[in-house]
Structures are given as structure tokens and as C-alpha cells.
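S.K.: Handing you this structure, nothing more for now.
The values are calculated or read from the model by the stated rules, or taken from the named source; none is laboratory data. Predicted model, so just to flag it, every value in this text is computed and none were measured. Positions of Cβ are generated from backbone atoms using ideal geometry, with glycine treated the same way; all protein chains shown enter the neighbour counts.
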Amino acid sequence: MNHANQLEQIVYLNGHFIPMVDSKISTQDRGFLFGDGVYEVIPVYDSKLFRFKEHLQRLKNSLNAVSIQNPLSDSEWLTLLNTLIEKHPWKDQYIYLQVTRGIQIQRDHLPAEGLTPTVYAYTNPLKPVAPHILESGIKVITLEDIRWLKCDIKAITLLPNVMMKLAAKAQGADDAILVSREGLITEGTASNAFMVKEGTIFTPPNSNKLLPGITRQVIERIANAHGIPLIEQDITEAMLNEADEIWLSSSTKEALPVTMLNGNPVGTGKPSAVWQNINRFYHQYKQECLQTK
Ligand SMILES: Cc1ncc(COP(=O)(O)O)c(C=O)c1O
């Protein structure tokens, strides 16, 4: 299946595997009307789900936080995702899955009782970040974090993230690092944030202001395993301005070096030693996970 015929992709919708072109949802779905739902993005390497347990746990936490009943058991989720993977030829994929509260004919903020959640999942080829981007790093600006106070929930309601991404683009940047009303770094528009100072990695602690990233968790584990100091600590914008290195992390981009911040070079202006080590160890770790499955 190449890019041109991706419309032949198979998606999962409410118990059925069907062609993407035939997948339709009701206009009265609360996901469509209210953004009333949660989602996950799970990477797949060599046709195997990466950090499935962690992603499933985060999905359950998100569902629980918004009082949507988990529609499937753990083994049903696993079977669904593996079936979706098998139906596509790509070795590396990323799965997008979404659960909304379901269809309610009478539009009302208050959800009716007994709604059936809408479950949707599809998969895409996962391409590694282009080598030239990893060689040069990306440009980022800081922006006020205009989101709500429940950013630990992976909610489909992403309008602020879209607006901040647009604002970054309008200023010639690739992305934004967000600063809370208290003046602290929270995360990227779709990623967690890290900085390095004198060989130590810093990342903001988990809180309601940011998503507990699975990639972030893996980076912490790798840093620990290799004796690279990593501290979860509040980061001010002043600290970020003095950083030797800055990175963003997410399931699809892994650890991504930032080399320009608000128009100024970060450290040497090139992806540097600590990122290079973490990036290498990350790939090693992925290989180890694949071999143990
Ligand atoms: C707001 C936000 N923070 C952090 C992340 C990184 O999370 P993960 O590493 O689990 O992909 C994402 C991923 O999409 C995100 O949207």
C-alpha cells in the first residue's frame, strides 16, 4: 500500500474493520459536537506495539478522568490493535485510537445516561524523523500555555494546541514550548520538554499542566540505566534561555533536538552530546524490547 492508495486503509469503527472511505460517524456524536472524548497514539516497530501496557494504562486514566466507561477489556484492546496492524503492510506504524462518549440526539452539555462510546482506531506508516532534521535540530518559540488545567488527560479537545502550533508557524518556528501562567515550562504543543545544563537533564515534573508522556518515561529510564543525571524539576523561562541543550519528546518523534529558541541558538546551535547519547540509547532500547517479545 503506497501513499496514493492510502484510502484503501482499513480502520476499526465500533466493532468492525472497514475501509477508511466507508467509515462514517453520526453528526450527533459528542466527540464531533463537544470534543467529548479521549485518544492515544501508539507506535509500532517491526509490527509490534511499543509500550502497549503504558499506553493502555494512560488511556484508562483518561477515560476514568472524564467518566467515560472503558468500552473494551485489556485483551480486547490488544486483539483490536494487533488485528489493525496485521491488516497493513508497514513494519513501523503509529496507531491513533479515540473513544468518544457516543451519540446523543438531543444536544446537551450534560451527557445522557447509558450512551455507547464510539471507538475508532486507524494506523499510519511511521517514518523516522528525517536525518537532516536530526542533524540540524528544530526552531522553537516560547508561547503562553493557553490550555486548561487538565492537560494530564489525553483529551481530543485540541483547539488551543492547534492555535499555538499556528502561532509558532506564523513566527517562522517549527513548534512552541509552552509557558504556564506561573512562568514555568510545561511542554510542547504535542510533546514533552527537556533541557540540559552542565550534563544534567531537567524535565518538568508530572502535574495537571502536562501529559505524562510515555516517551518521556522511556527517556527517564534510559538516563537512569546509563547513569546520566536527570532531575524532574520546575523549569523557568530564564533557565531555558541558559540551557546547553533543549529537546522535545513524543511517540512519533522520539527525542527531537531543538537548536533555536526564540531566534537564538541553543548552546552550540547544534544537536549536542547528551541528546546524541540519549538518542542512541533510545534506539538500542527499542531493539532490546523487540528482541524480548
Ligand atoms: C501535549 C502532549 N504532550 C506530550 C506528548 C508526548 O507523549 P508520548 O510520549 O506519550 O507520545 C504528546 C503526544 O502527542 C502530547 O500531545
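S.K.: Could you tell me how many of the residues in region 210-234 are closer than 18 Å to residue 186 by Cα and near the ligand (Cβ under 10 Å from one of its atoms)?
M.R.: 9
S.K.: Next question, about the same structure. Please work out which residue is nearest to residue 153 (Cα to Cα), limiting yourself to region 201-221 and to residues that are without any contact (Cβ under 8 Å) to a residue 60 or more places away in the chain and within 12 Å of the chain's Cα centre (by Cα).
M.R.: 210
S.K.: OK, next. Are any of the residues in region 149-158 buried (at least 20 other Cβ atoms within 10 Å of the Cβ) and either at pLDDT 95 or above or within 16 Å of the chain's Cα centre (by Cα) (or both)?
M.R.: Yes, region 149-158 has at least one match.
S.K.: Right, another one. Show me the helices (runs of 4 or more DSSP H) entirely contained within region 24-87 in which 1 or more residues are within 30 Å of residue 290 (Cα to Cα).
M.R.: The helices (runs of 4 or more DSSP H) meeting that bar are 52-65, 74-86.
S.K.: Looking only at residues that are part of a loop (DSSP other than H, G, I, E, B) and more than 16 Å from residue 155 (Cα to Cα) in region 189-200, which one is farthest from the ligand (Cβ to nearest atom)?
M.R.: 198
S.K.: Regarding region 270-280, can at least one residue be identified that is touching a strand residue (DSSP E or B) at 6+ places or on another chain (Cβ under 7 Å), crowded, with 23+ Cβ neighbours inside 10 Å and in a loop (DSSP other than H, G, I, E, B)?
M.R.: Yes: region 270-280 contains one or more residues that are touching a strand residue (DSSP E or B) at 6+ places or on another chain (Cβ under 7 Å), crowded, with 23+ Cβ neighbours inside 10 Å and in a loop (DSSP other than H, G, I, E, B).
S.K.: Looking at (1) closer than 30 Å to residue 257 by Cβ; (2) surrounded by fewer than 19 Cβ atoms within 10 Å (Cβ to Cβ); (3) touching a strand residue (DSSP E or B) at 6+ places or on another chain (Cβ under 7 Å); (4) assigned by TED's automatic domain parsing to the domain that holds residue 16, which one does residue 80 not meet, given that it meets all the others?
M.R.: Every listed condition holds for residue 80 apart from (1).
S.K.: Report yes if some residue within region 48-63 is within 30 Å of residue 112 (Cβ to Cβ), surrounded by fewer than 18 Cβ atoms within 10 Å (Cβ to Cβ) and of a type in the set (Ser, Thr, Tyr); otherwise report no.
M.R.: no
S.K.: Quick check on this structure: which one of 186, 157, 123 is within 16 Å of the ligand (Cβ to nearest atom), closer than 28 Å to residue 275 by Cα and among the hydroxyl-bearing types (Ser, Thr, Tyr)?
M.R.: 186
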